[in-house]
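The values are calculated or read from the model by the stated rules, or taken from the named source; none is laboratory data. If you're wondering where the values come from, they're calculated on a predicted model, not measured in any experiment. Glycine gets a Cβ as well: all are built from the backbone with ideal geometry, and neighbour counts include every protein chain shown. Please note that ligands, DNA and RNA were not included when accessible areas were found on the heavy atoms of the full protein model with its side chains. Shrake-Rupley method; radii C 1.70, N 1.55, O 1.52, S 1.80 Å.
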Amino acid sequence: MLKVPVTVEDHVQGDLDAPAILVEYGDYECPHCGHAHPIVQRVQKHFGKRLGFVFRNFPLKEIHPNAEDAAEAAEFAGAHQRFWEMHDLIFANQGMLSDELLLELAGTLGLSAPDRGKALAGSAYGPRVKKDFVGGVRSGVNGTPTFFINGERHDGAFEYEDLVAAIDARLED
């Protein structure tokens, strides 16, 4: 079960009151999360207003050295109401992640160069990333991506058909 409930503090696409809420604990450098990203987008289109989607950071920095910086860059963008744009840009450039690229991506979103450099260099968004990570650990997350549907962990595959079937099953409950 999801131990940290979804709130307005989360990054949410769609309505928090939707009949189905899909939560992903993800790592921006994880190839499996990169594979899941367009699948989740298709699932969102399939369900429309019946699905809310939440992304929480779970950087596995021991095996993905750029994941934590990428999560902090997304949080920096989020502080300027640009989280989802940065989220998509990071996944679109997943194979080339570096500090320089993250700063460049922030610049493409029109975010202030001095602010972004200072924020990313000083780990200003580290506490937010850590909060997500700790919540994931409390919820039993030990790899990425990990999905929860209406608070219940989805341990099945995360291909399109599998996620659609699992969400449909929760909608019928």
*Looking at the stretch 82-104, is at least one residue buried (at least 16 other Cβ atoms within 10 Å of the Cβ), of a type outside the set (S, T, N, Q), out of contact with any strand residue (DSSP E or B) (no Cβ under 7 Å at 6 or more places or on another chain) and within 16 Å of residue 148 (Cα to Cα)?*
no
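Quick one: which residue in 97, 103 is under 16 Å from residue 59 (Cα atoms) and over 15 Å from the mean Cα position of the chain (by Cα)? First the steps, then the outcome.
On the way: 103 fails: under 16 Å from residue 59 (Cα atoms).
Result of the check over 97, 103: 97.
When the stretch 120-132 is examined, which residues are found to be under 19 Å from the mean Cα position of the chain (by Cα) and part of a helix (DSSP H, G or I)? Explain how you work it out, then say what you get.
At the first step, the residues of the stretch 120-132 found to be under 19 Å from the mean Cα position of the chain (by Cα) are 120, 123-132.
Selection gives 120, 126, 127, 128, 129, 130, 131, 132.
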*Look at residue 111 and say whether it is part of a helix (DSSP H, G or I) and either open to solvent by less than 50 Å² (accessible area, probe 1.4 Å) or at pLDDT 95 or above (or both).*
no
*Among the residues of the stretch 59-71, is any open to solvent by less than 10 Å² (accessible area, probe 1.4 Å), under 20 Å from residue 131 (Cα atoms), touching a helix residue (DSSP H, G or I) at 6+ places or on another chain (Cβ under 7 Å) and part of a helix (DSSP H, G or I)?*
yes
*Please find, within the stretch 11-32, the residue that is farthest from residue 74 (Cα to Cα) out of those that are under 13 Å from the mean Cα position of the chain (by Cα) and open to solvent by 20 Å² or more (accessible area, probe 1.4 Å).*
32
_Residue satisfying condition, being assigned to a helix (DSSP H, G or I), open to solvent by less than 50 Å² (accessible area, probe 1.4 Å) and farther than 22 Å from residue 16 by Cα, within set 156, 117, 143, 135_ = 117
*Among the candidates 37, 32, 46, 87, residue that is in contact (Cβ under 8 Å) with a residue 24 or more places away in the chain, outside any loop (DSSP other than H, G, I, E, B) and in contact with a Pro (Cβ under 7 Å, 6 or more places away or on another chain)*: 32
